[in-house]
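Structure, as structure tokens:
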Amino acid sequence: MRFRPLVLHFLLLVADLCMMAASLLGAFYLKKTIPIGQFQGKVPPSEPYIIGFFVAAGLVVLFFHIFDMYKLHKERSPLVEAVLVFVLVSAANIILMGVTFLYRGFSFSRLMFSYFWTLEFLLLGGARFLFRALWSGGRTRGGLNGRSSDENKTEKGDISPQNGRKRTYLLFKRAIDVLFSLGGLFLLSPLFALTGVLIRIGSKGSALYCHRRVGRGGKLFYMLKFRSMVSNADKILLENPSLAKEYKSKFKLQNDPRITSLGRFLRKTSLDELPQLINVVVGDMSIVGPRPVTPEELEKHSRWSDRLLEMRPGITGMWQVSGRNALSYSERVKYNVYYARYCSIGLDLKIMFRTLTAVLRFSQTS
């Protein structure tokens, strides 16, 4: 029914505003009852915080709208939405803190900010999780798109590491991934939110692009990227036989006419891959790993596909720091296989260093 999305949008908006108001009241209550800081047990003047609340609420609603948080997406799991709430709420509050630092007319307690941010994330995330479960009527249980875990695997099945040393390496790697990705998402949350705003201003369509890839153990997942193409990019590819032929052979276009002007900048700086930190947090990807491949591409890896599926695909990896777009597809496959065979903490650190060096080199030449 056509009115159903509008009803959902309205209910989510009302729920968000109520949860943010409850967060402010909760922050005042905690400030009064928990004796921490210089003004123990004292309630601060409410006027600056009420003004700050309206600014923060406006930013959160804007960012939620930009990232289509008022719609139900089959590509986004509840955990992905929870991380998005964390990022966008963090962005709104960091921007608010920056404004209050520059404008000395208001004086805010850092403790109040901490209470408000924490409650805002917990209440908004919890309410959205509950609302999504009630609205869908339990139809989204299971794996990708509500399907069972068996349906979300390729024909290769569930591949597991074969030795204890590799398992220890993967556990350590996972811990580093979670710490780095959560920290990165928090610190870069204003850039994350503002990039989404610029994408929506520049062209029609969602700020995020989701594409199905093969993960560890053959599990299918949706990889997130900032949209760098026009919204009808897939249609343009189907309508142009020469482009479709090039893409089918290389799984990439050398001079892609579908890329927007902002998209070119995002790709050159690798900012289009920033949302993949969310994939890292939820366990679909790693900071360093083989290039994420589509189910169709997996066949190109031939007998090495089992070894490849032992690893989580990475945001950066061997092929990204060894030529990237200048490499042929067979060379990309070779680098993927090499990493899967010889991965180690030392190799991961080397790839991260070379990735950082490449990004800094681009920023100096731009």
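Quick note: the coordinates plus some simple rules give every number you see, no bench work behind them. All values derive from a computational prediction rather than experimental measurement. Reconstructed Cβ throughout: ideal geometry from the backbone, glycine too, with neighbour counts over all protein chains shown.
Summing charges over all other residues whose Cβ lies under 14 Å from the Cβ of residue 58, with Lys and Arg as +1 and Asp and Glu as -1, gives -2. What is the calculated FRET efficiency for residue 129 to residue 294, with r their C-beta to C-beta distance and R₀ = 22 Å, to the nearest 0.05? Once rounded, the FRET efficiency stands at 0.15. For a Förster distance of 41 Å, can you work out the FRET efficiency between the beta-carbons of residue 9 and residue 180, rounded to the nearest 0.05? With R0 = 41 Å, the Cβ-Cβ based efficiency is 0.75.
As a proxy for reagent exposure, 74, 334 were ordered by neighbouring Cβ count within 10 angstrom, fewest first; the result is 74, 334.
Here 318, 97 are placed in order of increasing Cβ neighbour count within 10 Å, fewest first, which gives 97, 318. Taking each of 166/334; 268/334; 173/204; 32/71; 31/71; 173/219 in turn, the alpha-carbon distance tops 30 angstrom for 173/204; 32/71; 31/71. Our estimate of slack between residue 358 and residue 235, defined as 0.36 nm per intervening residue step minus the Cα-Cα distance, is 41.0 nm.
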